[in-house]
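Step one of this worksheet: look at the structure below.
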Amino acid sequence: MIEIKNITVQFGGVKPLDNLTVTLDQPIVGLIGPNGAGKTTLLNVFSGFVTPTSGEVAINGKSITQRERRFDLNLTPMTQFRASLFTRMKPHKRVSLGLRRTFQTDQIADDLTLLENVQAVADHGFAKKSPAMQEDVKRAIDYVGLTRRLHRKGSDLSTEERHLAEIAKALIGKPSLVMLDEPGAGMSEAESEHLAQVIRGIPDYCGAQVFLIDHDVDLIVACCSQTMVLDFGKLLAVGPTRKVLELPEVRKAYLGDFGELERAA
Amino acid sequence: MAEEKKKKSNIDIPPKSPWRRIMPMVIVFALVAVVLPEWVSHYWVNSISSVVCLTMTAATVALLYGQLGMVSLAQFALAGVGGWVCLRFLHGFDIPFEIGVLLGGLIAGVFGLLLGLPALRMRGLYLALLTLLVAAAFQVIVNVISFPDGGPGFTGKVETGARVLIGRPWLAQSDAAYFRYLMVWLILVMGFLEWQRASKSGRAWALIRKSEAAATAAGVSVVGYKARAFFMGGVAAGLAGGLLAGLNGQLEYSGFHVSQSILLFALVVVGGAYNWLGAVAAGLLIRALPALLNGHGVDGNLANVFFGFATLVSLIQGRKGIVGQLADFFKFVRMSRIVEGTIIWFAIAGLFGLVYMYLDKTSFGGAFFTALVALLFRVAIPGVAWLLLGFFGKPIQDRAEDVEAYLSLRLAQLMAKIGLIPDHRLIKRGLNWWFNGFFIAWVVWGVFEVEFAYGLALVWGAMSLKIISEKLLYPAVLPLRNAIDKKFPKPLAAYR
Ligand SMILES: Nc1ncnc2c1ncn2[C@@H]1O[C@H](COP(=O)(O)OP(=O)(O)OP(=O)(O)O)[C@@H](O)[C@H]1O
Ligand SMILES: [Mg+2]
């Protein structure tokens, strides 16, 4: 469950997120909005690359934005230690919270094989090199359907395969929230279908909640039971996907965009 | 069915384990350690010993540049720090040589880490400038306090009287023994660095190289892994400095000029930063080439001209360095040709080794090695003559190409007229033969003490024998070639 309370992000004069409050509790949540709406910025707040100007985000009940007092005499040292871990965590430590994400541009290292790319994530998700780790890596790659590309170099993977590999990287360890930033960009219809199948299966695969950003409304419809719409940093609508997409203001702000695009094409 | 076939495609062969990846390096170094001191002249044993130390330092530059894209111009200064500390401890306390070297490495590692701290937030030009300033600061400091040579106090500098040299380890008193001792260190240090590259750290560095944000999102501590590289680089450079101090029993402050740091970086780019052989090439270029020139009575500083040229060429040609280009070349050769070539090369080289040893012109190894180099040049670097022409400018190179093309055409026409099979590459080949012969003969003249005429005969002899054997042995090797081709039908690139 993602709880967002009064989040505001300001870069100079731009306000990519403006006093956003929403609770997302469905297993697969969609996020749509026109270009520059602040979608990626919201993801960056989750993963700690952007510090919000104000507000709070809690994931599964744990705040990841709030700064707690480190030295509270009422707490035992162990709780203090845990508290220090879970609040205002350094971005790379958020992985241990189960936060996983992909990027709008895929981040597969060209000179490593697919296996090594995924292994590189597992290296930091587990305490030691263990058979379980190897198992987990293979399982994640198998899940996205890339086993046949196991030992191929990153540079030799197709766009679709790179996107899927990114998802495999996000499934390593024990993820609690998998955030996907436009995984369907540049995919054909058939590839999109496979992708939708992969995304739909993630909650069953590892029990994580999925947060899916995409411009492809069909993909959102196929995957998400709950969808929120952002427009210039403001929450335009949130609710069951079909209902949200039928709202006139959503059609105007977002699908209108597409209508224009279609006309242009 | 097609899918089934694809699955078995040879492209998808699992990567080697880290151990298997460093094996070739260890074997080559071990072989060199055993045989090289037997082959080369006495003057060269000490030169190649300092090549070893420089290779170790170059490996740290390559680590930072190749793995993280960070330009550190201070690695040579860190070697100086290691050497200074090592000398200080060995003069001050009655400790074994190794302890001194290790202390030098450790403290240089700490300095490397300190240097790395600001570097964690910088990159590119700013980092290069910062490290350059550190190297310059080191030069100034060491100019003032100099290296310890047995005197009292912190600086350990003798004001009046004779300098004291530190002793070599008891196992490695002679020059040849000390060279082998250095090779053991080199295997340990570079083996460790290679191991790091092939395992968890290497993968984390690859992610950082791709994008720091993505690495962070994957749980990699970007700061931690950069700091780790700086620490490891500092330790290895420091060890190299201590070992260099042991070579002559002392260090000269004049040897740690800033220009050396810059030169080392440039030569790592020339040699290739992505392969252990690149560091070896850099070490050879920075130490062996000037020594070679000096050995022939030419000013060793002339090498700098060559270095500038070589840096330019390697920057233009994709920054893979000499080694990267050689590797690219071999990628597109088939396995059968490699096996065949290796057998024929070694047979020819062995033959010349025996003949020259029998004639008492040089050692077996000297002739053997020379013949191998001649054969390697023949296939891998056919265009050296043209490359060198480029030194005089592109227009001249182009003009020369035109003249050559015209003459070749005329020659081919002439050949056809008198009933020979026309060969339009005759002139180019002739030039390369001429160049290879004179260049290699000139080099071995110094290194292996082969008289120039005999050197020339050796190079040309090996090259002709290769051509003759190709024609003569073709029917004999055909079954072998076919058998291997069946098993490995693709170029080497497919097998990693
Ligand atoms: N680091 C930053 N500094 C300044 N402005 C930024 C920064 N990051 C994002 N912005 C601005 O914030 C706004 C929202 O950007 P964001 O990347 O979140 O959009 P998005 O919804 O992901 O768009 P797209 O669909 O194109 O990916 C944009 O106007 C962008 O220019
Ligand atoms: Mg975006």
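The values are calculated or read from the model by the stated rules, or taken from the named source; none is laboratory data. This one's a predicted model, so the numbers in the text were calculated from it and none came from an experiment. Every residue, glycine among them, receives a Cβ derived from its backbone with ideal geometry; neighbour counts consider all protein chains shown. The accessibility values were calculated without ligands, DNA or RNA, using every heavy atom of the protein model including side chains. Shrake-Rupley method; radii C 1.70, N 1.55, O 1.52, S 1.80 Å.
Counting only residues that are open to solvent by 30 Å² or more (accessible area, probe 1.4 Å), closer than 13 Å to residue A:145 by Cα and of a type outside the set (S, T, N, Q), the stretch A:194-230 holds 1 of them.
Could you please let me know if residue A:161 is farther than 23 Å from residue A:20 by Cα, at pLDDT 90 or above and open to solvent by 30 Å² or more (accessible area, probe 1.4 Å)? For residue A:161, the condition - farther than 23 Å from residue A:20 by Cα, at pLDDT 90 or above and open to solvent by 30 Å² or more (accessible area, probe 1.4 Å) - is not met. Does residue B:418 meet the test of being in the same structural domain as residue B:360 (by TED's automatic domain parsing), hydrophobic (A, V, I, L, M, F, W, C) and open to solvent by 70 Å² or more (accessible area, probe 1.4 Å)? Yes; evaluated as a whole, the condition is true for this residue. Residue-level analysis places residue B:220 outside the set of residues that are more than 8 Å from chain A (Cβ to nearest Cβ) and among the β-branched types (Val, Ile, Thr). Of all the criteria given as (1) in contact with a Gly (Cβ under 7 Å, 6 or more places away or on another chain); (2) without any contact (Cβ under 8 Å) to a residue 24 or more places away in the chain; (3) within 14 Å of another protein chain (Cβ to nearest Cβ), the one not satisfied by residue B:211 is (1).
Selection over the stretch B:85-110 of residues that are among the aromatic types (Phe, Trp, Tyr) and over 21 Å from residue B:186 (Cβ atoms) gives a count of 2.
If a residue must be at pLDDT 90 or above and among the small types (Gly, Ala, Ser), how many such residues does the stretch B:40-61 contain? Qualifying residue count for the region: 4.
Say we look at the stretch B:199-208 and pick out the residues that are open to solvent by 10 Å² or more (accessible area, probe 1.4 Å) and over 15 Å from residue A:154 (Cβ atoms); which of these is nearest to the other protein chains (Cβ to nearest Cβ)? In this case the residue turns out to be B:200. In the set (1) within 11 Å of chain B (Cβ to nearest Cβ); (2) out of contact with any helix residue (DSSP H, G or I) (no Cβ under 6 Å at 6 or more places or on another chain); (3) of a type outside the set (A, V, I, L, M), residue A:159 fails one condition alone, (1). Against the list (1) open to solvent by 20 Å² or more (accessible area, probe 1.4 Å); (2) away from ligand 2 (no atom under 16 Å from the Cβ); (3) within 21 Å of residue A:212 (Cα to Cα), the condition residue A:2 fails is (1). The condition (being modelled with pLDDT under 90, more than 26 Å from residue A:58 (Cβ to Cβ) and more than 14 Å from chain B (Cβ to nearest Cβ)) is satisfied by just one residue among A:144, A:198, A:250, A:221: A:250.
For the stretch A:16-27, a residue qualifies if it is more than 16 Å from ligand 2 (Cβ to nearest atom) and not β-branched (Val, Ile, Thr), and the qualifying residues are A:18, A:19, A:24, A:25, A:26, A:27.
One residue is enough: does the stretch B:283-291 have a residue meeting the conditions surrounded by 15 or more Cβ atoms within 10 Å (Cβ to Cβ), assigned to a loop (DSSP other than H, G, I, E, B) and at pLDDT 75 or above? Looking for residues that are surrounded by 15 or more Cβ atoms within 10 Å (Cβ to Cβ), assigned to a loop (DSSP other than H, G, I, E, B) and at pLDDT 75 or above, one finds none in the stretch B:283-291, hence no. Part of a helix (DSSP H, G or I), within 16 Å of ligand 2 (Cβ to nearest atom) and within 14 Å of chain B (Cβ to nearest Cβ), is that true of residue A:124? Criteria not met by residue A:124. A search for C-beta distances below 8 Å between a residue of the stretch A:27-42 that is away from chain B (no Cβ under 14 Å) and any residue that is within 9 Å of ligand 2 (Cβ to nearest atom) and modelled with pLDDT of 90 or more, counting only pairs 6+ apart in sequence or on different chains, returns A:30/A:213; A:31/A:39; A:31/A:213; A:32/A:39; A:32/A:213; A:33/A:39; A:39/A:181; A:39/A:213. Listed here are the strands (runs of 3 or more DSSP E) enclosed by the stretch A:166-231 that have at least 3 residues being more than 15 Å from the chain's Cα centre (by Cα): A:226-231. In the stretch B:315-335, is there at least one residue being on the phi > 0 side of the Ramachandran plot and either open to solvent by less than 30 Å² (accessible area, probe 1.4 Å) or at pLDDT 75 or above (or both)? Checking the stretch B:315-335: at least one residue is on the phi > 0 side of the Ramachandran plot and either open to solvent by less than 30 Å² (accessible area, probe 1.4 Å) or at pLDDT 75 or above (or both).
A single member of B:64, B:31 is buried (at least 22 other Cβ atoms within 10 Å of the Cβ) and modelled with pLDDT of 90 or more, and it is B:64.
Taking (1) open to solvent by 20 Å² or more (accessible area, probe 1.4 Å); (2) at pLDDT 85 or above in turn, residue B:348 satisfies each apart from (1). Looking across the stretch A:28-66, the residues that are within 13 Å of ligand 2 (Cβ to nearest atom), over 12 Å from residue A:7 (Cα atoms), over 14 Å from the mean Cα position of the chain (by Cα) and surrounded by fewer than 21 Cβ atoms within 10 Å (Cβ to Cβ) come down to A:34, A:35, A:36.
Filtered by the rule that a residue be touching a strand residue (DSSP E or B) at 6+ places or on another chain (Cβ under 6 Å) and in a loop (DSSP other than H, G, I, E, B), the stretch A:232-249 gives A:233, A:247.
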